[in-house]
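Note sheet for the following structure.
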Amino acid sequence: MLSDITIGQMFPGNSLIHKLDARYKIVFTIIFMVMLFCANSLIGMAITLLFVIFIYLLAKIPLTMLLKSLKPIIPIVIFMTVFNVFFYSGETVIFKWGIIKLTLEGLKMTGVMMFRVISVISGTAMLTYTTSSIELTDAIESLMSPLKKVKFPVHDLSMMMTIALRFIPTLIEETDKIMSAQKSRGADFESGNIIKRAKALMPILIPLFLSAVTRAGELATAMESRCYRGGEGRTKMKQPKSDKRDYISLVFMIVLTALVISLNYIKF
Amino acid sequence: MTVLEVKNLSYSYGSGTPFYKKALSDISFKIEKGEFVAIIGHTGSGKSTLVSHLNALTRAQSGSIILNGEDIYKKGYNIKKARQTVGLVFQYPEYQLFEETVYRDIAFGPKNMGLSESEIKSRVISAASALEIDKSMFNSSPFELSGGQKRRVAIAGVIAMNPEILVLDEPAAGLDPKGRDRVMRLISEYRKNTGNTVIIVSHSMQDAANYADRVLVLNEGKLYLNGTVDEVFEKADELESIGLSVPPITKILIELHKKGYAVPLNVYTAEDAAKALLPLLKKEVK
């Protein structure tokens, strides 16, 4: 059950998308968001959606995976739809009942919202699907390195992110294990009122915190005994490299975004 | 009397993703009341996955588990009953300890069963004495104890629920040799005193040979061998072909046998080996 979480999980592969420089991928994700939120025309939105599907095909990530990662946001989408459809004030009333009215503008707005939510999740998920957490944090460190000039602890921040990302699956696994152990001892997490349920979480939280603290201590010792002392003078085994693929993709992204934005101003 | 029957059990992880893995395929076996069964196999052979099915923590995609004549996958079956009948002690169970005192931690299981205060007390006391936990430890925090003590407290926490079938996943893993022997001995004594069924998961051939009546060998999610200790360790070559081996002492005797010495092959402990080898030694001296 807990292992069904797919956001942030990497999908190993050998596609063009996997091979792109992670720094560029982060920039592309930002450009993609700009494109997404600037797309107001029908054609522009269609292009954006097609682009998302195109990227998934290119990265050879099964679409079922995408659907799985969209599952948790279904309640949010439904909530938004209901609100938008019935409470958006518009001119062209299709249907009216008390304070609830259905307008053409409301329907349009809902469509746009749904398009944006789905695209933003699937588009940004692509970054973590095709980039390992080490590549990702290295890229963030490299992109933020100008901030070093103002004494911002860029390296420490990226190391913290690496460690945090690295331990998410471990902690999930551990939670699963402790939950199973307590369930075997007859613990019940599903019934009772809120207070009872919160109390029932104690047998999970205490061992989990305890092992997280122990693990943190062990990790610190391990890092120290390998002479870790922060970012100063530290070199990288894998230097981030960009090449033709990245430049071409960058140009492609910019052109596509320009196209989508300009479509807003063209009347058909 | 058969207390537990596993029929054609199959289970796989992450179907439809690149992480798909078949963990168990078509496993069937029966366990009789009062038996001591060892499940052995390599890391990743499916041992732990198999035992998590026995008390319905994991649900198999196909197959069935019959507990005391009732199918636990049947609609309307009370899962809680399965969890009380089959007590499962996980690998490194000391990580499940959470209460303020040892007494309260052992009492957690019985309390969840809704027993009366006096019944809980007697269960805790008998479980603690079965695991040689001194009463003076009852009021100390479980986190102050040594590794071996924690392990015994955690096992007592499951035994206190008085399960008909006690399943232990690597109960001796990570303990020093003395701690290992002690835990294994206590489990064996517990079975003798209560007549309950015990299943252990282990990768120690020595433990399996010393304590179990019957051995199930798992390999890559399949039941590879199922027989008495003698029947299984007789097949030393087959075990070696899947990367397992016989207990070290048995191996010495097998090698001697190959060299032409008349020694028995079903010897698993140092004492028995000494008995078997002494006559040979006397002959050589003559």
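Values as computed for the structure displayed
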{"quantity": "Rounded percent of accessible protein surface that carbon and sulfur make up, the protein assembly as shown, 1.4 Å probe", "calculated": "62 percent"}
{"quantity": "For B:Glu32, residues with placed amide H under 5 Å, excluding near neighbours", "calculated": "B:Val3"}
{"quantity": "For segment B:2-246, size of Cβ-based charge dipole, Lys and Arg +1, Asp and Glu -1, in debye", "calculated": "760 debye"}
{"quantity": "Solvent accessible area, Å² - B:Lys33, 1.4 Å probe, full protein context", "calculated": "100 Å²"}
{"quantity": "Gaussian network model of chain B, Cα within-10 Å springs - most flexible of B:Ile66, B:Ile40, B:Ile165", "calculated": "B:Ile66"}
{"quantity": "Residues of segment A:176-249: accessible area per residue with a 1.4 Å probe, Å²", "calculated": "73 Å²"}
{"quantity": "Dipole of segment A:206-268, positive direction: furthest Cα of A:Leu250, A:Val213, A:Tyr228, with charges on the beta-carbon", "calculated": "A:Leu250"}
{"quantity": "About the Cα centre, charge dipole magnitude for segment A:150-237 (Lys/Arg +1, Asp/Glu -1 at Cβ), debye", "calculated": "80 debye"}
{"quantity": "10 Å Cβ neighbours from other chains, averaged over peptide B:257-264", "calculated": "0"}
{"quantity": "At most 16 other Cβ within 10 Å, DSSP loop - GluC sites (Glu not before Pro), segment A:91-139", "calculated": "A:Glu91"}
{"quantity": "With eigenvalues of the C-alpha gyration tensor scaled by 5 and rooted, segment A:150-237, Å", "calculated": "37, 14, 10"}
{"quantity": "Average other protein chain Cβ within 10 Å of Cβ, residues B:155-166", "calculated": "1"}
{"quantity": "Cα-only radius of gyration and Dmax that characterise chain A, units Å", "calculated": "23.5, 71"}
{"quantity": "Segments A:161-174, A:220-233, B:138-151 sorted - mean Cβ within 10 Å per residue, highest first", "calculated": "B:138-151, A:161-174, A:220-233"}
{"quantity": "Inter-chain Cβ neighbour average for residues A:171-180, partner chain, 10 Å", "calculated": "2"}
{"quantity": "Highest-fluctuation residue, A:Ile31, A:Ile100, A:Ile73 considered, GNM on chain A with Cα pairs under 10 Å", "calculated": "A:Ile100"}
{"quantity": "Which of B:Asn226, B:Ala130, A:Ile121, positive extreme of dipole for the protein assembly as shown (C-beta unit charges)", "calculated": "A:Ile121"}
{"quantity": "Heavy-atom SASA rank of A:Arg197, B:Arg123 (probe 1.4 Å, accessible area, largest first)", "calculated": "A:Arg197, B:Arg123"}
{"quantity": "Rounded accessible area of A:His18 (nearest 10 Å², 1.4 Å probe)", "calculated": "20 Å²"}
{"quantity": "Rounded accessible area of B:Asp169 (nearest 10 Å², 1.4 Å probe)", "calculated": "10 Å²"}
{"quantity": "Accessible area in the full protein assembly, largest first, 1.4 Å probe, for B:Asp105, B:Asp181, A:Asp156", "calculated": "B:Asp181, A:Asp156, B:Asp105"}
{"quantity": "Charge-dipole axis of segment B:2-246 as Lys and Arg at +1 and Asp and Glu at -1 on Cβ define it, positive-most pick from B:Leu24, B:Ala56, B:Ala154", "calculated": "B:Ala56"}
{"quantity": "Global geometry of chain B, whether rounded, prolate or oblate, following the gyration tensor of its Cα atoms and the 1.5 cut on a/c", "calculated": "oblate"}
{"quantity": "Å² of accessible area per residue within segment B:2-246, as computed with a 1.4 Å probe and no ligands counted", "calculated": "42 Å²"}
{"quantity": "Exposure ranking of A:Met237, B:Met137, A:Met160 by accessible area [1.4 Å probe, largest first]", "calculated": "A:Met237, A:Met160, B:Met137"}
{"quantity": "Convex hull volume per residue for segment B:35-120, taking Cα atoms only, in Å³", "calculated": "151 Å³"}
{"quantity": "Mean residue ellipticity (222 nm) of the protein assembly as shown, computed from DSSP H runs ≥ 4 via -39,500 (n - 2.57), nearest 500", "calculated": "-17000 deg cm²/dmol"}
{"quantity": "Debye log10 I(q)/I(0) at q = 0.06, 0.07, 0.12 Å⁻¹ for the protein assembly as shown, Cα point scatterers", "calculated": "-0.46, -0.61, -1.22"}
{"quantity": "Accessible area buried, both sides summed, chains B and A with 1.4 Å probe, Å²", "calculated": "1800 Å²"}
{"quantity": "Dipole magnitude (debye, nearest 20) for segment B:128-286, charges at Cβ of Lys, Arg, Asp, Glu", "calculated": "480 debye"}
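The values are calculated or read from the model by the stated rules, or taken from the named source; none is laboratory data. On a predicted model such as this, the values are computed, not experimentally measured, just so you know. Note that each Cβ is placed from the backbone with ideal geometry, even for glycine, and that neighbours are counted across all protein chains shown. Keep in mind that these areas ignore ligands, DNA and RNA; they rest on the heavy atoms of the full protein, side chains included. Shrake-Rupley method; radii C 1.70, N 1.55, O 1.52, S 1.80 Å.
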